[in-house]
Each structure stands twice: as structure tokens, then as C-alpha cells.
Amino acid sequence: MHAQKPSISMAKITDVAVAVFIKPDGSFLLSSRPEGKPYAGYWEFPGGKIEPGESVRQALRRELLEELNVVIDQCAPWFSFMMHYEHATVRLHIWRVTAWQDADQGLPNARGMHGMEGQAFAWQSSVAALNVSPTLPGCVPIFRALSLPTRYVVTNATEVGLDVYLQHLRAFSAQNARNSPSAGQFAIQVREKAMAPDALTAFFREVINLAREYGAMVFINSDVALAQSLGADGVQLPSGQLATLSTRPDLPWVGASVHTHDELLHAAEIKCDFAVLGSVKATQSHPNRPPLGWPAFAALALDSPIPIFAIGGMLPCDLAEAQRHGAHGIAMQRQAFAG
């Protein structure tokens, strides 16, 4: 008889801290696995096993000092997921590292960032232009998250007027293209519940043509068929619609709007790519709904199986604060084009 391969639920789970080093220009670091370890020669994001009694942050600080001779200055949780390999079942805790320094900086014979175990490392400009291979299967969800912009614009064209809104969106897109080192640094969700169907289709065509010109991603709220027929990048599922689904809609990208931990888990179960969680602050559209606040947002976002956007009263300047509390990015409506 052959031994039955253990399921993830049966297998011993090893918790692993994973660091995604990200520079201001969006480039990220991959390192090779050294000889003598499973998957030797494969490329991965650096990190390692969380020892008993360690937090993820503590494990990252220890592992990155041991592996790359660097000391972390700024890092924050991102998302977590399970992977089953032939040799182990692991829970990967993905953290973004945005500031670090060489451990031997200023000392004689300083080596800087260095493969302490003989491994190589390489900076990658984008997921679409990887120059190393092969990569571990556990990199795939991280690559997916790295391909997702950190700013998510939700339209309110019915409120301000279609022509005015399109002018604002074009100006914002052009400014973004000038200021960002690479295209595609934001996504747009067309959310116009009061717009007539024909007008919505026409508006959506205008938005998608503009977005293609500037390299942005486009989602349409709730209408899967319209998103498919007009070639949107994806659909954004409201929480009520999400609750009715047991499978992922057939689109390249799927987002879900959630308010609770259970809704977040359901979004991950049907393989949504990301969630939008809020409201973090008080909003004009929901004046009687108590805001979550950053502590409650962080508690819900911690160890989320998928990346999360913070929504509700967000300003462009809130991006760093949101990411410190575990958000992938921010979703904005009325303040999207502010400052």
C-alpha cells in the first residue's frame, strides 16, 4: 500500500516569515535558495521559519540579518496564505519591507547586502519582466499582489457630472503618468448605481479607453456580464453579491467589498484577488455608520488571506498610514483627485 499524501488540514504546519523588499520605484528583491535545501537554486522572496515564541517581525529581523546582512527599519504585514510542498506544509506570512540598512554600515570591510549563505539575490523591476528563474510556487500569489496597484479610484460621475468627472480623471491620469516611474499605478472602479444602463455602458467605454491610454486597470461594480462584454480587467463584488456566490466570476481580476472577518474569509474561499474593507473613517455617504478606525482595521487585516484596500474617508496622503496597518493600498471616491 502507498501512504496517503497528507492533506493541508492533516499535515504539520510550519509558519514562515517572508520579506518583500520594495524600493520607491516599485522594484523588489528575489534571492536564490542555497545548495543543501529543498528546491535548491529556485528563486524566492527571502525569509525563514518563525521560531517558537517569535513574532513575525522578530523572525524577519533575525532571518534577514542572517541571510542578507541587513537590519530592517520599516516593515508591515501584508497578507498570509498556505502552501503545500512535497516536503512541508507552510503558512507564509508576507510582510513588506520598505526601509532597511546594512548591518555593517560604516565598519571597515563592510559588505553591504550580501548572500550570507552563498545565495544570490537580484532586484526585479516588475513581475512582467522577471530576469531569474525558476521561482517557487509560493511566489505566485505574491507576484499577483505586486501586480495590483495601491490606489483604487471609485467613480462618482453621477454626482459631479459625467463631463466634469472625465476631465478630472484625465488630468489625474496624466499627472500620475508624469510622476510615476511606471504605468499602471492605480485602478478605477466604475460604480454608478443611479446611472441608466445605456449611459453606464457609454461611460464605462469612455473610462476604459482613457485607462488603456494611461496603463490603468478598470473594474466595474457588480455587473459581471458587462465587465466581460466590454473587456474590463475585473469586477468588484458588493458584499451582498459576494454572499450569493460559491465560485469566482470568470474575469482576470475579482475584488470583493467586505465589512467583517467572515466576509473576508468567504472572498478568499472563492478566490477573489483582493478585498476592500471599511469604512475606516466617517464618510459623507454613510454618516450614521460608526467608522472602524485604524486599530479595528488592522485587527481584521492581520493575516488576511488576500490583500486588502482600506476605504472610507481616505485621502491620497493616507496611503503610508494604511500600509502601516496592514493594507495593500487605499480606495478613494470623493477625495481621489485631492492634492
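The values are calculated or read from the model by the stated rules, or taken from the named source; none is laboratory data. Note that the structure is a prediction, hence the values are computed from the model and not measured. Because the Cβ atoms are built from the backbone with ideal geometry, glycine has one as well, and the counts that use them run over all protein chains shown. To get the accessible areas, we keep the full protein, side chains included, count just its heavy atoms, and leave off ligands, DNA and RNA. Shrake-Rupley method; radii C 1.70, N 1.55, O 1.52, S 1.80 Å.
Across the range 57-72, what is the total count of residues that are free of Cβ contacts under 8 Å to residues at least 24 places away in the same chain and over 14 Å from Val20 (Cα atoms)?
So the count comes out to 2.
Among the listed residues Lys23, Lys12, Lys49, Lys37, identify the single one that is within 17 Å of Cys139 (Cβ to Cβ) and open to solvent by 40 Å² or more (accessible area, probe 1.4 Å).
Answer to the selection: Lys37.
Answer yes or no: is there a residue in the range 66-73 that is closer than 18 Å to Pro307 by Cα, open to solvent by 30 Å² or more (accessible area, probe 1.4 Å) and touching a strand residue (DSSP E or B) at 6+ places or on another chain (Cβ under 7 Å).
No, that holds for no residue.
Can you name the condition, by its number, that Lys281 falls short on among (1) open to solvent by less than 60 Å² (accessible area, probe 1.4 Å); (2) under 17 Å from Val154 (Cβ atoms); (3) not polar (S, T, N, Q)?
With (1) open to solvent by less than 60 Å² (accessible area, probe 1.4 Å); (2) under 17 Å from Val154 (Cβ atoms); (3) not polar (S, T, N, Q) applied to Lys281, the lone miss is (1).
Which members of the range 109-160 meet the condition of being buried (at least 16 other Cβ atoms within 10 Å of the Cβ), of a type in the set (Ser, Thr, Tyr) and farther than 14 Å from Leu29 by Cβ?
Once the filter is applied, which keeps residues that are buried (at least 16 other Cβ atoms within 10 Å of the Cβ), of a type in the set (Ser, Thr, Tyr) and farther than 14 Å from Leu29 by Cβ, the range 109-160 yields Thr150, Tyr152, Thr155, Thr158.
Hey, can you tell me all the residues within the range 195-245 that are of a type outside the set (A, V, I, L, M, F, W, C), farther than 23 Å from Val258 by Cα and without any contact (Cβ under 8 Å) to a residue 40 or more places away in the chain?
Within the range 195-245, Pro197, Asp198, Thr201, Arg205, Asn209, Arg212, Gly215, Ser229, Gly231 qualify.
Do any residues in the range 127-139 that are hydroxyl-bearing (Ser, Thr, Tyr) and modelled with pLDDT of 95 or more have Cβ atoms under 8 Å from those of residues that are part of a strand (DSSP E or B) and open to solvent by less than 40 Å² (accessible area, probe 1.4 Å), where the two are at least six apart or on different chains, and which pairs are they?
Ser133/Trp43; Thr135/Leu30; Thr135/Trp43; Thr135/Glu44
If you go through the range 268-275 one residue at a time, do you hit one that is under 23 Å from Val190 (Cβ atoms) and acidic (Asp, Glu)?
yes
Quick one: how many residues across the range 244-285 are at pLDDT below 95 and touching a strand residue (DSSP E or B) at 6+ places or on another chain (Cβ under 6 Å)?
Number of matching residues: 1.
Inspect all residues belonging to the range 317-325 and state whether any of them is over 24 Å from Ile188 (Cβ atoms), open to solvent by less than 60 Å² (accessible area, probe 1.4 Å) and part of a helix (DSSP H, G or I).
Scanning the range 317-325 turns up no residue that is over 24 Å from Ile188 (Cβ atoms), open to solvent by less than 60 Å² (accessible area, probe 1.4 Å) and part of a helix (DSSP H, G or I).
Starting from residues that are among the small types (Gly, Ala, Ser) and touching a Leu at 6+ places or on another chain (Cβ under 9 Å), keep the ones in the range 304-330 and report whichever is nearest to Trp253 (Cα to Cα).
Among those residues, the one meeting the criterion is Gly329.
With respect to Arg91, determine if the residue is among the basic types (Lys, Arg), modelled with pLDDT under 95 and out of contact with any Phe, Trp or Tyr (no Cβ under 6 Å at 6 or more places or on another chain).
It is false that Arg91 is among the basic types (Lys, Arg), modelled with pLDDT under 95 and out of contact with any Phe, Trp or Tyr (no Cβ under 6 Å at 6 or more places or on another chain).
Being under 21 Å from the mean Cα position of the chain (by Cα), farther than 29 Å from Glu321 by Cβ and of a type in the set (A, V, I, L, M, F, W, C) is the requirement here; does Leu92 meet it?
Against the criterion (under 21 Å from the mean Cα position of the chain (by Cα), farther than 29 Å from Glu321 by Cβ and of a type in the set (A, V, I, L, M, F, W, C)), Leu92 does not qualify.
For residues in the range 73-112 being assigned to a strand (DSSP E or B) and free of Cβ contacts under 8 Å to residues at least 60 places away in the same chain, which is nearest to Thr135 (Cα to Cα)?
First, pick out the residues of the range 73-112 that are assigned to a strand (DSSP E or B): 73-84, 89-102.
Now narrow it down to the ones that are free of Cβ contacts under 8 Å to residues at least 60 places away in the same chain: 73-75, 83, 99, 101-102.
Working: Asp73: 27, Gln74: 26, Cys75: 23, Met83: 14, Ala99: 24, Gln101: 26, Asp102: 26 Å.
Going through the qualifying residues, I end up with Met83.
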